[in-house]
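Asker: This structure is in structure tokens; I'll ask about it shortly.
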Amino acid sequence: MKIQAINGFKDILPEAVGRWQSIEQRARDIFERFGFQEIRMPILEKTELFVRSIGEATDVVEKEMYTFADKGITMRPEATASIMRAFIEHGLHVQQPVQRLYTIGPMFRHERPQKGRLRQFHQLDAEIIGAAEPRVDAELIAMGRMLLDELGLTVSLELNSLGCPVCRPPFKERLVAFLEQRREVLCDDCQRRTRTNPLRVLDCKKPSCRAVVQEAPSLLETLCPDCDRHFLEVRTALEELRIPFRINRFMVRGLDYYTRTTFEFLTTDLGAQAAVGAGGRYDGLIEQLGGPPLSGIGFAMGLERLVLLMEQQANNSLAAPSTDLFVAALGTALLAPCGQLVHALRQQGAKAAIDYSGRSLKAQLKQAGRSNARFTLIVGEDEWARGEAILRDMRTQEQRTFTLNGSPEEQARRLLALVGTAATSG
């Protein structure tokens, strides 16, 4: 019986890894343009961290966490809480009042696997800690939009405000009163949420609940003056940056720590899972976890969904992994000197490959093609006796003679100079 991967846990095969790496590299480049630094946290954290930050009555904590109950530890279901724990533990605010941090890595949630949603999934996560200004919200959203634009993806941006501890409690009372009057048409989950986490009813995807929600009161109608002004300034800053958005008064996000600005980048190309990235402000979270009273805002993007969306939108801008030079050694006596040449090429920064099986030229040229080699250096026994090799351009099939004199390092330098010139002229 074959052992297969666990349901909801997926292998990322070599032919796909190149696309993942390209997305990650683009993200790192853009994040660093905005002054972010990378942080890496452990996968396991104390369960209390997520209960206190995400919220005990959220679906994530109630249903979806991988928890070792006897140890009191949990595999992280999201990154923000872990970053805040590390920020507080190491006193990063003492080093620099405003911290811009990002991380890339796996998260874990026990939910039903479907397209774009796995039990082990990967996220890009970016956080700005210690800045409360509305323009910071707009800047972070602009950074997320820039990443999606540079990946060639078509998305829309939706925006909302969830208010603060001043204006949210009165709204919750209004919302609960509204929902209780319509309790009999709500799904079982929303009947329970009405008492434990009523804002989550606004985000239910079931048709009966969505119909009820259309008439529900909006938090935007009851924002306190400070939150109303903050939200206006965020919208104004986005307009100044020419970033289009739509206000969605039903957007609440699934985690309790969100306050004020919340946002989602959406697509219609992934079926039910429309959010490619999402985030918001979480003023109060750091203090709640035992840290200083600092503001924060962040977002996360799912790598699986980014890859799916790139495939769905037929984005071929990311080239397949390739080899600069494939060396075809024809004869076992030539494997040693050709191997030395390949090693020297790699030392000098080239992606070089060699087949040590001693197969025929036809077989090795096929392998060079499968590895997407730009050039192949053919070294046969007759050519070796003359101190020569044949350099073939795999695109045009043009060939030229290459002289094999000097050390492997000298040959590699001359070969790379020749290949570089040919590649440029081609």
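The values are calculated or read from the model by the stated rules, or taken from the named source; none is laboratory data. In this text, all values refer to a predicted model and were calculated from it rather than measured experimentally. Counting neighbours? That spans all protein chains shown, and the Cβs are built from the backbone with ideal geometry, glycine included.
So that you can scan it fast, the table gives a plain yes or no per residue for (1) of a type in the set (Gly, Ala, Ser); (2) out of contact with any Gly (no Cβ under 8 Å at 6 or more places or on another chain):
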residue	(1), (2)
SER22	yes, yes
PHE34	no, yes
ILE39	no, yes
MET65	no, yes
ALA86	yes, yes
ARG100	no, no
THR103	no, yes
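Asker: Just one of (1) surrounded by 13 or more Cβ atoms within 10 Å (Cβ to Cβ); (2) modelled with pLDDT of 90 or more trips up THR401, so point out which.
Answerer: Evaluating THR401 over (1) surrounded by 13 or more Cβ atoms within 10 Å (Cβ to Cβ); (2) modelled with pLDDT of 90 or more leaves (1) as the failure.
Asker: Does the stretch 410-423 include one or more residues that are modelled with pLDDT of 90 or more, in contact with a Leu (Cβ under 9 Å, 6 or more places away or on another chain) and of a type in the set (D, E, K, R)?
Answerer: The answer is no; no qualifying residue exists.
Asker: Restricting the search to the stretch 169-202, which residues are surrounded by 19 or more Cβ atoms within 10 Å (Cβ to Cβ), of a type outside the set (Val, Ile, Thr) and outside any loop (DSSP other than H, G, I, E, B)?
Answerer: If the condition is that a residue be surrounded by 19 or more Cβ atoms within 10 Å (Cβ to Cβ), of a type outside the set (Val, Ile, Thr) and outside any loop (DSSP other than H, G, I, E, B), then PHE171, LEU175, LEU179, CYS190, ARG193, PRO198, LEU199, ARG200, LEU202 are the ones that fit.
Asker: Has the stretch 135-145 got at least one residue that is under 29 Å from THR236 (Cβ atoms), part of a strand (DSSP E or B) and in contact with a Lys or Arg (Cβ under 9 Å, 6 or more places away or on another chain)?
Answerer: Among the residues of the stretch 135-145, not one is under 29 Å from THR236 (Cβ atoms), part of a strand (DSSP E or B) and in contact with a Lys or Arg (Cβ under 9 Å, 6 or more places away or on another chain), which makes the answer no.
Asker: How about the stretch 203-244: which of its residues are assigned to a helix (DSSP H, G or I) and small (Gly, Ala, Ser)?
Answerer: Within the stretch 203-244, SER208, ALA211, ALA237 qualify.
Asker: Assess whether ARG192 counts as being more than 24 Å from LEU266 (Cα to Cα), out of contact with any Leu (no Cβ under 7 Å at 6 or more places or on another chain), without any contact (Cβ under 8 Å) to a residue 60 or more places away in the chain and not assigned by TED's automatic domain parsing to the domain that holds ALA275.
Answerer: Criteria met by ARG192.
Asker: So which residues in the stretch 59-97 are within 28 Å of ASP188 (Cβ to Cβ) and of a type in the set (Asp, Glu), if there are any at all?
Answerer: ASP59, GLU62, GLU64, GLU78, listed by residue number.
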